[in-house]
Amino acid sequence: MARTSLTRFLIEQQRLANALPAELRLLIETVARACKTISHSVSKGALGEVLGSLDSENVQGEVQKKLDVIANELLLEANEWGGHLAGMASEEMDTLYRIPNRYPKGEYLLLFDPIDGSSNIDVDLSVGTIFSVLRAPEAVSGRDVTEEDFLQSGRHQVAAGYAIYGPQSLLVLTVGTGVHEFTLDREIGSWVLTDSNMVMPQGKCEFAINMSNRRQWSPGIARYIDERVEGAAGPCGRDFNMRWTASMVADVHRILKRGGIFMYPADHRHENKAKLRLMYEANPMSFLIEQAGGAATDGFGPIMDIAPTGLHQRVGVVLGDCAEVAMVTAYGLETSAQQD
Ligand code: P6P
């Protein structure tokens, strides 16, 4: 039986749940098309002059990889003319990107991390693109979009997804009616449906965290991880495995497919210094994980309930298995109470 294309799937979603206005469907297809082009660039590697770093830094203070900038440009160029956006924001740009006056403006805001995990590009490990879609406030139609228009909690997302550029290129997305996975069929150049209504397995014993940061963790995080390293002989009563790819997209996709917990906790000693970004990493991943039956918190409360204060705001991330995420919260509250 012929596989379902992304376009057909989105049109069927539109009919089925009326969850997908035509403009939003067009936006998702445009982002998916840009991810196909990014996948093509990533897979060229050294043959395509896309490896290595530039001597520039982004707003995060991180050295930019050539592919960071290439992917950012691809997403801007693909999306600026379609008439479905009022503005865009990216990890790679200090401030928002207004749609040029020569193009019509639309009702959506697109936020993205064009290449997540870019430190892995030069060593041929999976990297990805993460995107989040918000509705622009009504008032935007009569004025220029501002940064405040983007500062909406994750609950206001109307779509979110990621592409992974690895052994396969995958596109995983939600419009609020479940999580669905598409694989890039390179022979015909189309995203084809390969998993739908994904449900994250619960009760699995695998954690993902960068152990070298242990000295910076709060006591609750340290206790949670130490118990899982202690395994069956200790209080948690089960042996755990560990994986850490340093590409959030790859780690979160593994958890979506086979369960477990992903953690990049805030560093409790530097006024909640965290690494991952709320608007275009944590929020879209939280939308997907919750839609697949998992939980996503900042270590205490749901990430998607956080009222943003800045476009590049960072947040601690604990997501995946509901019981494990709840355990992290319990330990965090317990040790906070002890410290008070
Ligand atoms: P560390 C990649 O730079 C990233 O933003 C996420 O994709 C990933 O989970 C994390 O940072 C890796 O951070 O400190 O382990 O290199």
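What to note about this one:
- Residues of region 9-33 satisfying the condition of being touching a residue at least 60 places away in the same chain (Cβ under 8 Å) and open to solvent by 50 Å² or more (accessible area, probe 1.4 Å): LEU16, GLU23
- Looking only at region 232-247, and only at residues there that are within 12 Å of the ligand (Cβ to nearest atom) and either open to solvent by less than 10 Å² (accessible area, probe 1.4 Å) or without any contact (Cβ under 8 Å) to a residue 40 or more places away in the chain (or both), the one that is nearest to GLU281 (Cα to Cα): SER247
- Here GLU290 clears all of (1) buried (at least 17 other Cβ atoms within 10 Å of the Cβ); (2) within 16 Å of the ligand (Cβ to nearest atom); (3) among the charged types (D, E, K, R) except the condition numbered (2).
- Residues in region 111-139 that are open to solvent by 10 Å² or more (accessible area, probe 1.4 Å) and away from the ligand (no atom under 16 Å from the Cβ): ARG135, ALA136, PRO137, GLU138, ALA139.
- Options VAL192, VAL199: the member that is of a type in the set (A, V, I, L, M, F, W, C), more than 21 Å from ALA330 (Cβ to Cβ) and crowded, with 17+ Cβ neighbours inside 10 Å: VAL192
- Set side by side, the residues ARG215, ARG254 differ, and just one is under 30 Å from THR335 (Cβ atoms), within 16 Å of the ligand (Cβ to nearest atom) and free of Cβ contacts under 8 Å to residues at least 12 places away in the same chain, which is ARG215.
- Selection from region 193-245 of residues that are β-branched (Val, Ile, Thr) and in a loop (DSSP other than H, G, I, E, B): VAL199, ILE209, THR245
- Filter pass, VAL229 being more than 20 Å from the chain's Cα centre (by Cα) and either more than 16 Å from the ligand (Cβ to nearest atom) or without any contact (Cβ under 8 Å) to a residue 60 or more places away in the chain (or both): yes
- Residue in region 231-247 that is closer than 30 Å to THR146 by Cβ and assigned by TED's automatic domain parsing to the domain that holds SER212 present: no
- Residue within region 79-95 that is away from the ligand (no atom under 16 Å from the Cβ), open to solvent by less than 60 Å² (accessible area, probe 1.4 Å) and β-branched (Val, Ile, Thr) present: no
- Extreme residue, farthest from LEU134 (Cα to Cα), among residues of region 294-312 that are assigned to a loop (DSSP other than H, G, I, E, B) and open to solvent by less than 40 Å² (accessible area, probe 1.4 Å): GLY299
- Failed item in (1) modelled with pLDDT under 95; (2) away from the ligand (no atom under 16 Å from the Cβ); (3) open to solvent by less than 60 Å² (accessible area, probe 1.4 Å), with ASP55 passing the rest: (3)
- Among all positions in region 204-219, there is at least one residue which is within 30 Å of HIS40 (Cβ to Cβ) and in contact with a helix residue (DSSP H, G or I) (Cβ under 7 Å, 6 or more places away or on another chain).
The values are calculated or read from the model by the stated rules, or taken from the named source; none is laboratory data. Given the structure is predicted, the values throughout are model-derived calculations rather than measurements. No Cβ is skipped: glycine too gets one built from the backbone with ideal geometry, and neighbour counts run over all protein chains shown. Surface accessibility is based on the protein's heavy atoms, side chains included, excluding ligands, DNA and RNA. Shrake-Rupley method; radii C 1.70, N 1.55, O 1.52, S 1.80 Å.
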